[in-house]
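A.B. asks: Take this structure first; my questions come after.
The values are calculated or read from the model by the stated rules, or taken from the named source; none is laboratory data. Owing to the predicted nature of the structure, the values given are computational and were not obtained by experimental measurement. Cβ: placed from backbone, ideal geometry, glycine included. Neighbour counts: every protein chain shown.
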Amino acid sequence: MNRMAETVWFEDEHSDDYPESLYRFQGVVPMIETLADFDESAMEVYRAVGVVGVRRAFDPEEVQAVINALAELVSRESLPEGVQLQFESRARDILPSLHGPDRLDAVRKFMLFVHLDSRLERMVYHPALMPILQSILGEDPHMFQDMALLKPPGIGREKPWHQDNAYFKVPQSAEVVGVWAALDEATEQNGCMFFRPGGHRSGPLPHFNRRDWQICDSDILDLEAVSAPLPAGGMVIFNGLTPHGTPSNRSNTRRRALQFHYRGKSVQETSDQERLDTFGAEGVGASC
């Protein structure tokens with residue numbers, strides 16, 4: 001393939017050995033049925049718990065259109081500068097035999113691509129989603145990160161527990177909203193989201209370079225967690241400080257998802273040093 005090395009790469013080899021108790025859970029996230037059901041009551045839940053699930057955010061036709069768009073992009077011979085495509089390390093041997101939509105079964109993460117296809121842009125600025133984000137943020141939303149997070153059957157790796165704000169150069173006074181949309185049924189077995197309810201109210205937590213840039217496992221083991229199983233087309237809307245993680249996909253089913261992050265249009269970026277001073281273990285004198 002004629003692809004730039006800095007745009008497309010295989011993730012580093014890693015250990016996928018983690019305590020199974022990290023994903024022990026007590027119940028599921030609070031759910032509403034559709035985006036139209038996000039009312040004042042749902043807003044109160046969002047503020048208190050830090051996450052709200054939506055069982056039917058997108059219809060099957062919208063979901064299939066997005067899967068088709070992703071498959072077409074991943075099958076291109078080249079990608080524009082700035083787009084990032086990361087393959088699972090354990091897919092090295094099977095990638096040459098995958099074609100068309102099946103190539104998605106080798107992908108771990110795809111970033112900064114939604115501007116390439118109107119089917120994807122529609123999901124980012126979905127007319128049923130925008131009013132919710134505006135009400136949470138208190139102003140027009142600005143989408144500043146787009147990702148496709150794919151856990152191929154049997155090889156999709158864990159994403160350890162973390163707070164999304166630990167990755168962003170956003171002032172700590174600013175609210176960040178994450179939107180995670182399931183393109184397949186997401187279950188506890190194939191890598192659905194797990195959250196610590198109310199964890200956003202504790203503020204920033206130290207993150208360490210372990211299996212990933214993550215919260216220390218020992219800080220998670222004794223915490224109450226809830227899972228977020230979703231049908232295809234379901235969604236979770238969550239605060240950027242709500243701790244969450246996803247286990248490995250050890251099943252024979254796909255778990256593909258889109259994730260977008262929004263901040264208010266008036267919010268300006270801070271420095272990377274400020275981010276590290278807030279979340280970096282060294283900056284807060286923490287140990288793991």
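A.B. asks: With the structure loaded, tell me whether Asn165 is in contact with a strand residue (DSSP E or B) (Cβ under 9 Å, 6 or more places away or on another chain), under 23 Å from Ala232 (Cα atoms) and buried (at least 21 other Cβ atoms within 10 Å of the Cβ) or whether it fails that test. Break it down stepwise before answering.
C.D. replies: Numbers: in contact with a strand residue (DSSP E or B) (Cβ under 9 Å, 6 or more places away or on another chain): yes; under 23 Å from Ala232 (Cα atoms): no; buried (at least 21 other Cβ atoms within 10 Å of the Cβ): yes.
No: the conditions fail for Asn165.
A.B. asks: Test Leu112 against the stated conditions and say whether it is free of Cβ contacts under 8 Å to residues at least 60 places away in the same chain, surrounded by 16 or more Cβ atoms within 10 Å (Cβ to Cβ) and at positive phi. Write out each step before concluding.
C.D. replies: On the way: free of Cβ contacts under 8 Å to residues at least 60 places away in the same chain: yes; surrounded by 16 or more Cβ atoms within 10 Å (Cβ to Cβ): yes; at positive phi: yes.
Here the answer is yes, as Leu112 does meet what is asked.
A.B. asks: When you scan segment 210-267 for strands (runs of 3 or more DSSP E) that lie fully inside it, which ones turn up with 2 or more residues that are in contact (Cβ under 8 Å) with a residue 12 or more places away in the chain, closer than 26 Å to Leu120 by Cβ and in contact with a Phe, Trp or Tyr (Cβ under 8 Å, 6 or more places away or on another chain)?
C.D. replies: Values: elements: 213-215, 226-228, 235-239, 244-246, 255-264.
In segment 210-267, 235-239, 244-246, 255-264 are the strands (runs of 3 or more DSSP E) which contain 2 or more residues that are in contact (Cβ under 8 Å) with a residue 12 or more places away in the chain, closer than 26 Å to Leu120 by Cβ and in contact with a Phe, Trp or Tyr (Cβ under 8 Å, 6 or more places away or on another chain).
A.B. asks: Separate question: So, in segment 87-118, exactly how many residues are of a type outside the set (Phe, Trp, Tyr) and within 18 Å of Trp180 (Cβ to Cβ)? Break it down into steps so the answer makes sense when it comes.
C.D. replies: Here is the first cut: in segment 87-118, the residues of a type outside the set (Phe, Trp, Tyr) are 88-109, 111-112, 114-118.
Then keep just the ones that are within 18 Å of Trp180 (Cβ to Cβ); that gives 104, 107-109, 111-112, 114.
Selection size over segment 87-118: 7.
A.B. asks: Let me ask something else. If a residue must be over 18 Å from Pro243 (Cβ atoms), among the charged types (D, E, K, R) and touching a Phe, Trp or Tyr at 6+ places or on another chain (Cβ under 7 Å), how many such residues does segment 154-189 contain?
C.D. replies: Going through segment 154-189 one residue at a time, the tally reaches 0.
A.B. asks: Moving on. What residue, among those in segment 249-282 that are among the polar types (S, T, N, Q) and within 22 Å of Pro160 (Cα to Cα), is nearest to the chain's Cα centre (by Cα)? Full working, then the answer.
C.D. replies: Here is the first cut: in segment 249-282, the residues among the polar types (S, T, N, Q) are 249, 251-253, 259, 266, 268, 270-271, 273, 278.
Checking the rest, the ones that are also within 22 Å of Pro160 (Cα to Cα) come to 249, 251-253, 259, 278.
Working: Asn249: 15, Ser251: 19, Asn252: 21, Thr253: 18, Gln259: 5, Thr278: 21 Å.
Filtering first and then ranking leaves Gln259.
A.B. asks: Return the pairs, sorted by first residue and then second, in which the second residue is assigned to a helix (DSSP H, G or I) and among the basic types (Lys, Arg), the first residue lies in segment 35-56 and is crowded, with 22+ Cβ neighbours inside 10 Å, the beta carbons are less than 8 Å apart, and the residues are 6+ apart or on different chains.
C.D. replies: Gly50/Arg201
A.B. asks: A follow-up question, please. For segment 53-72, how many residues are touching a helix residue (DSSP H, G or I) at 6+ places or on another chain (Cβ under 8 Å) and either basic (Lys, Arg) or in a strand (DSSP E or B) (or both)? Reasoning before the result, please.
C.D. replies: First, the residues of segment 53-72 that are touching a helix residue (DSSP H, G or I) at 6+ places or on another chain (Cβ under 8 Å): 54, 57-58, 62, 65-71.
Retained after the next criterion (residues that are either basic (Lys, Arg) or in a strand (DSSP E or B) (or both)): 54.
So the count comes out to 1.
A.B. asks: With the checklist (1) in contact with a Lys or Arg (Cβ under 6 Å, 6 or more places away or on another chain); (2) surrounded by fewer than 17 Cβ atoms within 10 Å (Cβ to Cβ) in hand, flag the one item Ser97 doesn't pass.
C.D. replies: Of (1) in contact with a Lys or Arg (Cβ under 6 Å, 6 or more places away or on another chain); (2) surrounded by fewer than 17 Cβ atoms within 10 Å (Cβ to Cβ), only one is false for Ser97: (1).
A.B. asks: Which residues, counting only those in segment 130-160, are under 17 Å from the mean Cα position of the chain (by Cα) and among the hydrophobic types (A, V, I, L, M, F, W, C)?
C.D. replies: Leu133, Met143, Phe144, Met147, Ala148, Leu149, Leu150 - these are the residues of segment 130-160 that are under 17 Å from the mean Cα position of the chain (by Cα) and among the hydrophobic types (A, V, I, L, M, F, W, C).
A.B. asks: Every residue in segment 121-130 that is surrounded by fewer than 20 Cβ atoms within 10 Å (Cβ to Cβ), touching a residue at least 40 places away in the same chain (Cβ under 8 Å) and not in a loop (DSSP other than H, G, I, E, B), please.
C.D. replies: Just the residues of segment 121-130 that are surrounded by fewer than 20 Cβ atoms within 10 Å (Cβ to Cβ), to begin with: 121-122, 124-128, 130.
Okay, now just the ones that are also touching a residue at least 40 places away in the same chain (Cβ under 8 Å), so 122, 124, 126, 128.
Of everything in segment 121-130, those that are surrounded by fewer than 20 Cβ atoms within 10 Å (Cβ to Cβ), touching a residue at least 40 places away in the same chain (Cβ under 8 Å) and not in a loop (DSSP other than H, G, I, E, B) turn out to be Arg122, Val124.
A.B. asks: When Pro160 is evaluated against the numbered criteria (1) within 24 Å of Phe87 (Cβ to Cβ); (2) part of a helix (DSSP H, G or I); (3) of a type outside the set (Gly, Ala, Ser), which criterion, by number, is the only one it fails?
C.D. replies: (2)
A.B. asks: Condition first: crowded, with 16+ Cβ neighbours inside 10 Å, modelled with pLDDT of 90 or more and among the small types (Gly, Ala, Ser). Can you find one or more residues in segment 17-31 that meet it?
C.D. replies: no
A.B. asks: Inspect segment 141-148 for any residue being of a type in the set (Asp, Glu), outside any loop (DSSP other than H, G, I, E, B), touching a helix residue (DSSP H, G or I) at 6+ places or on another chain (Cβ under 8 Å) and under 28 Å from Glu188 (Cα atoms) and give the result as yes or no.
C.D. replies: Initial filter on segment 141-148 (of a type in the set (Asp, Glu)): 146.
Restricting the remaining residues to those that are outside any loop (DSSP other than H, G, I, E, B) gives 146.
So of that shortlist, the ones also touching a helix residue (DSSP H, G or I) at 6+ places or on another chain (Cβ under 8 Å) come out as 146.
If we keep only those that are under 28 Å from Glu188 (Cα atoms) too, we end up with 146.
Looking for residues that are of a type in the set (Asp, Glu), outside any loop (DSSP other than H, G, I, E, B), touching a helix residue (DSSP H, G or I) at 6+ places or on another chain (Cβ under 8 Å) and under 28 Å from Glu188 (Cα atoms), one finds at least one in segment 141-148, hence yes.
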